Amino acid sequence: MIKKTQVEDWHTRASRVLPGGVNSPVRAFGAVGGAPVFISEARGAYLYDTKKKRYVDLISSWGAIILGHGEEILKEALAKAIEKGTSYGISSPAEVEMAELISTLIPSMEQVRMVNSGTEATMSALRLARAYTGKNKLIKFRGNYHGHADPFLIAGGSALTNIPNSFSSGVPTSAIQDTLLSDYNDLEQVRNLLEEHKDKVACIIVEPIAGNMGCVLPKPGFLKGLRELSRKAGVLLIFDEVITGFRLHAGGVQDLFGVSPDISTLGKIIGAGFPVGAYGGKKEIMKKVSPLGDTYQAGTLSGNPLAMIAGKTVLNHLHKHPEIYTRLKEKTKHLSQNLKGGYTCNSIGSMYTYFFTKEPVENQSDAQKSDTQKFARYFHHMLSSGIYLPPSPYESNFLSHALKSEDIEFIVEKHNKFIQETG
């Protein structure tokens, strides 16, 4: 009888009390096989499993950790904050200061409503767009993932890609009958949908840089084209920057590309790893949100003081040290340029995905041409070498500021060894 490892024991225990042994399907190893690893500690650029094995972390809590795990400035801020309590359920100065900071860094978000997750942010943004325009239909892009609210759970990215037809059971047809689909990077399809459903579309929602079908960049002119088409049609443009907000640039992708949406959604980095989300836009739109307006949205723990102080600490540090973005960009560029194999590697800022296809990847259909079986072998090769990648070919890798040059060279070395051995 083969003795079970401690990792397998944790998965066995978890499977008795958690569906599939996980609390989120992106953590499962369904796309790569095997039992998921259980992490007991994280420091700097490294994760440590329950057997104390160290991994170079390329997940960074799915993009939420940008400075590194256990950053001193964050620990100090949280230690002071926790002495004052962990939750009030009442307004506090920290949430006001956080909203002021977000509005300063992202001017299109004149007013901000804090929530508890990216899913809450996007579903609230959609409700607001429908209330403001008086229309019901939305346009989303295949391979973009906007959380697990019913209207978005069709042709989504992330772990939804592993479900047949990328569609969740339990979602009634009525919930998605107003969801219109377009291919990412295809303005002509968007133009046709707007014409076909004239005066019925409330909003276009898009990941301005996709991270949930792997890292996929917008073609030149795509985002500006969406802005022009939406404005002409009287449709609100929503940028889902839950992943990209403050990950690539202090002002978000919208500042990086010079395109201002009507509504933006944020998450991940603005909580520095705590559960958090936010949505916001022009005051004219946000005044529809209760208690000012009749668009109801609430959250008992919204604006949690620990999450606000954590996020505020990180955002202030990034704002004061813009060179962090430059260094992350340089690390990612060096890494991506030295990964051999001749396959497609998409990268920007501190995000990258190595697709096992030699064709360009510009949308979900392109991403799904990747050799998923080869990726599974690649994942386990890297994992056994001490490098933790997302366990799916359709996710982005995220670098943290804590990664050292020797960590980058180690990743390159192990990647190229796999290519050399497998071709």
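The values are calculated or read from the model by the stated rules, or taken from the named source; none is laboratory data. Since this is a predicted model, take the numbers as computed values, not measurements. Quick reminder, even Gly has a Cβ in these numbers, built from the backbone with ideal geometry, and neighbours come from all protein chains shown. Note: areas computed on protein heavy atoms with side chains; ligands, DNA, RNA excluded. Shrake-Rupley method; radii C 1.70, N 1.55, O 1.52, S 1.80 Å.
All conditions but one from (1) in contact with a Phe, Trp or Tyr (Cβ under 7 Å, 6 or more places away or on another chain); (2) part of a strand (DSSP E or B) apply to Gly63; the one that does not is (2). Scanning segment 384-423 for residues that are of a type in the set (Asp, Glu) and closer than 30 Å to Ile73 by Cα yields Glu395, Glu406, Asp407, Glu409. When the residues of segment 25-39 are filtered to those that are open to solvent by 50 Å² or more (accessible area, probe 1.4 Å) and under 15 Å from Trp62 (Cα atoms), the one that is modelled with the lowest pLDDT is Pro25. The C-beta contact set for segment 114-126 (first residue at negative phi and of a type in the set (Ser, Thr, Tyr), second residue surrounded by 24 or more Cβ atoms within 10 Å (Cβ to Cβ) and in a loop (DSSP other than H, G, I, E, B), distance under 6 angstrom, 6+ apart or interchain) comprises Thr122/His146. Yes or no: Ile139 at pLDDT 95 or above and either among the aromatic types (Phe, Trp, Tyr) or buried (at least 18 other Cβ atoms within 10 Å of the Cβ) (or both)? The answer is yes for Ile139. Screening Ala402 against (1) part of a helix (DSSP H, G or I); (2) open to solvent by less than 50 Å² (accessible area, probe 1.4 Å) leaves a single unmet condition, (1).
Just to be sure, is Ile65 within 22 Å of the chain's Cα centre (by Cα) and open to solvent by 60 Å² or more (accessible area, probe 1.4 Å)? In short, no.
For segment 95-150, a tally of residues being charged (D, E, K, R), within 14 Å of Ile238 (Cα to Cα) and not in a helix (DSSP H, G or I) returns 2. Scanning segment 41-73 for residues that are out of contact with any strand residue (DSSP E or B) (no Cβ under 6 Å at 6 or more places or on another chain) and polar (S, T, N, Q) returns a single hit, Ser61. Lys340 meets the stated requirement of being assigned to a loop (DSSP other than H, G, I, E, B), of a type in the set (Lys, Arg) and closer than 20 Å to Pro393 by Cβ.
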